[in-house]
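Report on one structure; see the data block that follows.
What follows is calculated from the coordinates using simple rules that are stated; it is not laboratory data. Since the model is a prediction, treat every value here as computed from it, not as a measurement. FYI the Cβ positions are ideal-geometry reconstructions off the backbone, even for glycines, and counts take in every protein chain you see.
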Amino acid sequence: MFKLKATIIKDVRILLRDKVGISLMFVMPIILVVVVTSIQNSTFQLVNKNRLPIVINNNDTGQASKQLIAAINKIGMFKVSQVSGDQSEKQMTDAMHQKDATLGVIIPANFSVKVSAKSKSIAGKALKSFGLEGDSVKHEAGDIDPLTVYYNPILQESIRLSVQGAIRSALQLVESRETLRSLYFSINEKQLPEKLENEMLNNKTAINEIPVSKDGTRTTPNATQHNVPAWTIFAMFFIIMSLGGSVVREKVSGSFIRLKTLPTNYMVGLLSKQIVYLLVTMLQAAVIFSIGIWLFPFFGLPALNLPADISALVIVTIVCGWCAVSYAICVGVFADTQEQANGFGAVSIVILACVGGLMVPSFAMQGFFKSAADISPMHWCLQAYYTLFLEGGKLKDVVNNIIPLFIITLVFQFVTFIGLKRKNLI
Amino acid sequence: MAITGPLAIDVEDMGFRYPGNPDVSFSKLNLKVAKGERFGLFGPNGAGKTTLISLMTGLLTADEGHIKLLGQEVGRQNNAVNKLFGFVPQDFSFYQELSPVENLQFFGAWSGLDKKTIKQRTNELLVILGLDEVRNKPVEKFSGGMKRRVNLAIGVIHKPAVIFLDEPTVGVDVQTRHAIIDYLLELNKGGTTLIYTSHQLSEAEDLCRQVALIDNGKIIAQDSLDKLMADHKQESLEQMFLNLTGKDLRNDV
């Protein structure tokens, strides 16, 4: 026990003097979690609270285009500004830049006329199918000229698709209104009453979004709840930059030769490293969670809500940390130089993070990558944390994540043991 | 040369070959070193000195024959044997980030000492080796000579009965060399066996009573220093060394 204590003290001293290692283990992940959460939060806000600036050039003089612009405004997602006159692509681009807009829409000339003609044609066909004959059946409308949407390439695919959906929905509203009016006029030979029109078009079924949590709470997830657990895991695995290098340094330096001639098994050394760095991972989690809880609100970010089951959170953090430590030691044992350990370590952590769903959600992955996620320890860590942080789960809910994580950790330990044996290090 | 007293080292019919590297190998090697002896092992680069020391300290395992240290069979991670000897490798074998005190605390614990003994031995060694003033400074800031003294202190903290010294004075100034040699002679007076290798043949004349010359994995001469030089009609160890091993340059890959 005295040997283990002396070794732990030695490892702590060396760790505390490794300023670069400490900054890599603490400062970098903290910066990462703050930056990523801020960016993702601003993306949430861009779509939900802030409005996307959009420039509309209306070349049409009719009512339909005005209704379309009103509908786009009503969506609440856009901050609309208009430019007049026939705009070339260059002029439209300039207008977008001037107004700092990420989107631009050109409504073609005769939009209203064509929408009206199309609506009359559809209404006529509908009447004919009811066995009625109306004037509008005589109309054979051509296709409506397309709306042109310009967008800034910085817009992510997901945002662009939301924008497209929103504009399509506004367009649908305008077309439906025209069709309804035509149909009503053909049957009743008078205008559709405004009250009825509003009732028919606006009385849509509302969509209630309710997060399904295991504990029945209704806390809406946000960028903080998603990012803090994810980047805490990344930080834990990033200790490879210090621990992997430390194992290699000890191995390639003369100190290891001397250790092998002393009446103490090197496993004591490895046990000490596991204890010290496991405590480091716990400290990393505590620091990052504390920043999420107390510091994020000062940055205008949502505060982190800790899960109700704190004991489950501690257990998951210990198992995640132990897995990260085991992986780092495993890489350190097999690497011949510190450069190898650091290079392989950093790249492998990024790959494991990608495959594990830290950067792209696992549910969005296809085929091979979906299966590959299962062998990434980060995937199981993330699932366990999400169950606790987002779904309000308890310990029993994360057992299925902890078991595979535990098995992966044992595999790392076993491979480390084989590596030490093969390299005559124990 | 017959040894009548108890043996510190007894290598008998030892065979060893590096897997995939036949350049350095031993076959039926025999070497006996008396307890309390000051023994020097010399040879050109690649002769097998470090390999032989590695075998005697259990860092490598012999393929055949046996190696005994104070009557106990040497083997990998044999804690009973490892308590008996100290090893001062050629490379700086300690943690450069730590101070001499911190290094001695750690290596003392791994050598099997208790807290009280570590403290007492640390204080003694730091004074003897002139490191007391810098006891709490990180070793990485030390000169080569100071690092050599730290290296030695760690190797002897547990007062081993046998000390293996692989070029313990390489790259140090005259003062440090004298300090180290004087301390080693002092230890030997107390009964400690010294097994020493170096390229500093003049230093060997000061330190060693018995020497063995090794080349191509074979011991080509072994006896007391005076007798060897008399037998080979040489005035210095260096001349005898060149006479026995030749003047060809050696590569040690």
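Quick look at the numbers
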| item | result |
| --- | --- |
| Chain A, relative contact order [Cα under 8 Å, separation at least 6], % | 17 |
| Under DSSP loop assignment and at most 11 Cβ neighbours within 10 Å, longest trypsin sites (Lys or Arg not before Pro)-free interval of chain A | A:219-426 |
| Spin-label pair A:Arg17/A:Leu295, simplified geometry with 7 Å Cα→Cβ offset, distance in nm | 2.8 |
| Cβ-isolated cysteines (cut-off 4.7 Å), chain A | A:Cys323, A:Cys330, A:Cys354 |
| Dipole moment magnitude, nearest 20 debye, region B:95-137 about Cα centre, only Lys, Arg, Asp, Glu C-beta charged | 140 |
| Karplus-derived 3J(HN,Hα), 6.51/-1.76/1.60, for each residue of region A:51-60, Hz, glycine and proline x | 10, 6, x, 9, 9, 10, 10, 9, 8, 9 |
| For A:Tyr150, distant residues with modelled amide H under 5 Å away | A:Gly104, A:Val105, A:Ile106 |
| Folded to 0 to 90 degrees: helix B:100-110 orientation relative to chain B principal axis, Cα | 70 |
| Amide H contacts of B:Ser27 (H built 1.01 Å from N, under 5 Å, at least 5 apart or other chain) | B:Phe16 |
| Cut-off 17 Å (backbone N to label point 7 Å along Cα→Cβ of A:Asp86), residues of region A:147-190 | A:148 |
| FRET efficiency, A:Met282 to B:Glu140 (Cβ-Cβ, R0 25 Å, nearest 0.05) | 0.30 |
| Förster-model FRET efficiency, 25 Å R0, A:Leu4 and B:Thr61, C-beta, rounded to 0.05 | 0.40 |
| Low-density loop positions, trypsin sites (Lys or Arg not before Pro), region B:49-107 - DSSP coil, at most 14 other Cβ in 10 Å | B:Arg76 |
| Cα-based Lys proximity count in region A:50-202, under 17 Å, for pairs eight or more positions apart or on separate chains | 14 |
| Sequence-separation-based contact order of region A:50-202, relative, with Cα cut under 8 Å and 6+ spacing, percent | 27 |
| Farthest positive-ward along chain A dipole, Cα basis, beta-carbon charges - from A:Ile407, A:Ser84, A:Gly104 | A:Ile407 |
| Out-of-range pairs (alpha-carbon distance over 19 Å; input A:Lys5/A:Lys421; B:Lys35/B:Lys189; A:Lys251/B:Lys68; A:Lys260/B:Lys35; B:Lys35/B:Lys83) | A:Lys5/A:Lys421; A:Lys251/B:Lys68; A:Lys260/B:Lys35 |
| Computed magnitude of the charge dipole of the protein assembly as shown (debye, nearest 20; Cβ of K, R +1, Cβ of D, E -1) | 1420 |
| R0 of 35 Å, Cβ-Cβ distance A:Gln340-B:Asn78: FRET efficiency to nearest 0.05 | 0.65 |
| Beta bridge orientation in region A:50-202: antiparallel %, DSSP, nearest 5 | 25 |
| Bridge type composition, chain B - antiparallel percent by DSSP, nearest 5 | 55 |
| Nearest-ten-degree value, helix A:28-48 long axis tilted from longest Cα axis of chain A | 10 |
| Other-chain or far-sequence residues with amide H under 5 Å of B:Ala221's (modelled H) | B:Leu213 |
| DSSP bridge orientation in chain A - percent antiparallel, rounded to nearest 5 | 25 |
| Nearest 10 degrees, 0 to 90: helix A:223-237 Cα axis against chain A principal axis | 30 |
| Residue with peak Gaussian network fluctuation, chain A [Cα springs, cutoff 10 Å], from A:Leu171, A:Leu201, A:Leu283 | A:Leu201 |
| Among B:Pro89, B:Ser111, B:Thr51 - extreme Cα towards positive end, dipole of region B:1-130, charges at beta-carbon | B:Ser111 |
| 3J(HN,Hα) from dihedral phi, region B:136-146, Karplus parametrisation 6.51/-1.76/1.60, rounded to Hz, x for glycine, proline | 10, 8, x, 5, 4, 8, 7, 6, x, x, 5 |
| Positive-end extreme of charge dipole, the protein assembly as shown - chosen from A:Leu352, B:Ile3, A:Ile75 (charges on Cβ) | A:Ile75 |
| Point-to-point label distance, A:Thr93-A:Leu161, nm (Cα→Cβ direction, 7 Å offset) | 2.8 |
| Per-residue [θ]222 nm for the protein assembly as shown (sum of -39500 (n - 2.57) over DSSP H runs n ≥ 4, rounded to 500) | -17500 deg cm²/dmol |
| Karplus-derived 3J(HN,Hα), 6.51/-1.76/1.60, for each residue of region A:410-423, Hz, glycine and proline x | 5, 4, 4, 5, 5, 4, 4, 4, 4, x, 5, 5, 5, 8 |
| Hull volume in cubic angstrom per residue (convex hull over the Cα atoms of chain B) | 131 |
| Loop-exposed GluC sites (Glu not before Pro) per DSSP, neighbour cap 16 Cβ within 10 angstrom, longest uninterrupted part of chain A | A:210-426 |
